[in-house]
1. Return a yes/no flag: does region 41-60 have any residue that is outside any loop (DSSP other than H, G, I, E, B), polar (S, T, N, Q), out of contact with any Ser or Thr (no Cβ under 7 Å at 6 or more places or on another chain) and at pLDDT 90 or above.
2. Evaluate region 61-74: report whether one residue or more is of a type outside the set (Phe, Trp, Tyr), at pLDDT 95 or above and part of a loop (DSSP other than H, G, I, E, B).
3. Can you say whether residue 77 is under 12 Å from the mean Cα position of the chain (by Cα) and touching a residue at least 24 places away in the same chain (Cβ under 8 Å), as far as the supplied structure shows?
4. If we keep just the residues of region 46-76 that are more than 14 Å from residue 20 (Cβ to Cβ) and small (Gly, Ala, Ser), which is surrounded by the fewest Cβ atoms within 10 Å (Cβ to Cβ)?
5. Residue pairs, Cβ under 6 Å, 6 or more apart or interchain, first in region 33-58 and more than 17 Å from residue 69 (Cα to Cα), second hydrophobic (A, V, I, L, M, F, W, C). List them.
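The values are calculated or read from the model by the stated rules, or taken from the named source; none is laboratory data. Predicted model only: the values in this text are computed from it and were never measured. With ideal geometry, Cβ positions are generated from the backbone for all residues, glycine too; neighbour counts draw on all protein chains shown.
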Amino acid sequence: MLQTVKILKAKPMDSIKGIVIPSDWDSNGKVTSLAIATRNEEEYIIENNHNLSDLKKLLRQEVVVDGSIKCRNNSKSIDVKSIRKE
């Protein structure tokens, strides 16, 4: 008996280039969320902030980010797969 197997293609990763900026703070002024600001004035909130302390080291530096971009309610975010200094 021959079985049909559906092969799923991986979605290609998006790539953006910009500067790491703070995007949210707690009541004490501590950065709690980061974003990437691009040259064309778009801002992408970094979704997976579990490595926030490592990502903070890149504040105000130009980076290239690979990941999956999502657009919701006039807001853009990126689920980061890799990030490197430019």
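1. The answer is no, given that none of the residues of region 41-60 is outside any loop (DSSP other than H, G, I, E, B), polar (S, T, N, Q), out of contact with any Ser or Thr (no Cβ under 7 Å at 6 or more places or on another chain) and at pLDDT 90 or above.
2. The answer is yes; a qualifying residue exists.
3. Here the answer is yes, as residue 77 does meet what is asked.
4. 75
5. Cβ pairs passing all conditions: 55/34; 58/20.
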